[in-house]
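Participant: Take a look at the following structure, please.
The values are calculated or read from the model by the stated rules, or taken from the named source; none is laboratory data. Every value quoted in this text rests on a predicted model; they were computed, and no experiment measured them. Every residue, glycine among them, receives a Cβ derived from its backbone with ideal geometry; neighbour counts consider all protein chains shown.
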Amino acid sequence: MKYQLGEFVRFVDEKREGYITKIISEEMVGVTGEDDFEIPVMINNLTRVHGHKTNPESNTTSLQTTTEEKDFIEKGVFLVAITDKNKASVVHFHLVNQTSYLILATFKTSLKQVFKGEFADKISSNSSAKIYSSSLAELDVWPQFHFQALFFVAQNKPQSKPLAFDISFRAKDFARSKTQIPIIKENGWLFRMDEVAINIDPEKLKEAFFKPTEEKKQVGKPTKEIDLHIEKLRDDFHFLSKQEMLNIQLAKFHESLDAAIVHQFEKIIFIHGIGNGTLQHQIHKIISKHPQVKTFMDAQKEKFGYGATEVIFK
């Protein structure tokens, strides 16, 4: 019996039920109950709860109707991600077809050069289809997505080129605000699969080549104390890897250091915390070789402990 993410199930041998939030293997899944704890369970110890509302396999609706020539829509194919209504840790992916075409779509995933077919079906004009589900907690091991689509219409229209679309997701893709998804009428993340053609004006392009260079933007004046703790720099830090966090912190450090030099600061303090010492080591390594830095030291131990560095400029 094959289960899917988001399904509501009940244990066979004990009074416990919950939602499937992780597919561990063909024989085992992760189930999260009301206590929000996920436990691994063998699928032969589970049963579906009949009559309980779960996410449907597909909400494809046949809305293919004759479209007037003036209303014919050429573009509008999207991949959308919507969090599960019952468990926000699970996200469901849908293909949305806003065009006037009937789409013949296929979807595969690949991980470490291993490909797997996930979906193949037609999607009518102004309709959508659920194609895949996954856990946001496992985003760093998600496979790459591969789509192909053919466009069909009975009307007198030139043959459209097939669509090929590949995407790999990162935490930042889900850090932005959700938007209202067309057709599905729910909030989620929207990814356009067919780019709208850009009309290039030759005259404007010519003007751009001969346009004088704009003046450089003014460098903003930094504060005297720069807090490099990741939660102060990014709201989505929970989704970031350790290396991504370090890169963001170092980018803020470089930006503030350069700005302090431009504004002729005598000194500046970087609050980096203690942690495992990686950020502090990188900062000390950079400023020890910087031509504009006179010296550096631990800043106000009674205030910051050993979690801040004061930089003195020449």
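Participant: So if I check each of 271, 283, which one is among the aliphatic types (A, V, I, L, M), more than 30 Å from residue 138 (Cα to Cα) and in contact with a Ser or Thr (Cβ under 7 Å, 6 or more places away or on another chain)?
Facilitator: Unique residue meeting the criteria: 283.
Participant: Would you confirm, using the coordinates I've provided, whether residue 57 is within 24 Å of the chain's Cα centre (by Cα), exposed (fewer than 15 other Cβ atoms within 10 Å of the Cβ) and at pLDDT below 85?
Facilitator: Judged against the criteria, residue 57 is a match.
Participant: Follow-up question, since we're still on this one. Being touching a helix residue (DSSP H, G or I) at 6+ places or on another chain (Cβ under 7 Å) and closer than 29 Å to residue 172 by Cα is the requirement here; does residue 96 meet it? Give the steps one after another, and end with the answer.
Facilitator: Numbers: touching a helix residue (DSSP H, G or I) at 6+ places or on another chain (Cβ under 7 Å): no; closer than 29 Å to residue 172 by Cα: yes.
Answer is no for this residue.
Participant: At pLDDT 90 or above, in a loop (DSSP other than H, G, I, E, B) and closer than 22 Å to residue 75 by Cα: does that describe residue 160? Talk me through it step by step, then tell me what you get.
Facilitator: Numbers: at pLDDT 90 or above: no; in a loop (DSSP other than H, G, I, E, B): yes; closer than 22 Å to residue 75 by Cα: yes.
Against the criterion (at pLDDT 90 or above, in a loop (DSSP other than H, G, I, E, B) and closer than 22 Å to residue 75 by Cα), residue 160 does not qualify.
Yes/no matrix, rows are residues, columns are (1) assigned to a strand (DSSP E or B); (2) of a type in the set (Val, Ile, Thr); (3) at positive phi:
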site	(1), (2), (3)
10	yes, no, no
13	no, no, no
19	yes, no, no
31	yes, yes, no
39	yes, yes, no
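Participant: Something else: If we scan the stretch 305-312, do we find a residue that is modelled with pLDDT of 90 or more and among the small types (Gly, Ala, Ser)?
Facilitator: For the stretch 305-312, residues modelled with pLDDT of 90 or more and among the small types (Gly, Ala, Ser): present.
Participant: Is it the case, given these coordinates, that residue 128 is of a type in the set (Ser, Thr, Tyr), assigned to a loop (DSSP other than H, G, I, E, B) and in contact with a Ser or Thr (Cβ under 7 Å, 6 or more places away or on another chain)?
Facilitator: Details: of a type in the set (Ser, Thr, Tyr): yes; assigned to a loop (DSSP other than H, G, I, E, B): no; in contact with a Ser or Thr (Cβ under 7 Å, 6 or more places away or on another chain): yes.
Judged against the criteria, residue 128 is not a match.
Participant: Further, regarding this structure: So which of 89, 133, 100, 110 ends up being closer than 17 Å to residue 163 by Cβ and either small (Gly, Ala, Ser) or not assigned by TED's automatic domain parsing to the domain that holds residue 163 (or both)?
Facilitator: Answer to the selection: 100.
Participant: Still on this structure, I have one more. Kindly indicate which of 103, 183 is under 21 Å from residue 195 (Cβ atoms), assigned to a strand (DSSP E or B) and β-branched (Val, Ile, Thr). Let's see the steps before the verdict.
Facilitator: Working: 183 fails: assigned to a strand (DSSP E or B).
Selected residue: 103, the only one of 103, 183 that is under 21 Å from residue 195 (Cβ atoms), assigned to a strand (DSSP E or B) and β-branched (Val, Ile, Thr).
Participant: A further question on this structure: Among the residues of the stretch 113-146, what is the count of those that are exposed (fewer than 15 other Cβ atoms within 10 Å of the Cβ), more than 16 Å from residue 173 (Cα to Cα) and either among the basic types (Lys, Arg) or within 17 Å of the chain's Cα centre (by Cα) (or both)?
Facilitator: 1
Participant: Separate question: Could you check the stretch 178-229 and list, in sequence order, the residues that are of a type in the set (A, V, I, L, M), closer than 30 Å to residue 311 by Cβ and modelled with pLDDT of 90 or more?
Facilitator: Those that are of a type in the set (A, V, I, L, M), closer than 30 Å to residue 311 by Cβ and modelled with pLDDT of 90 or more: 226, 228.
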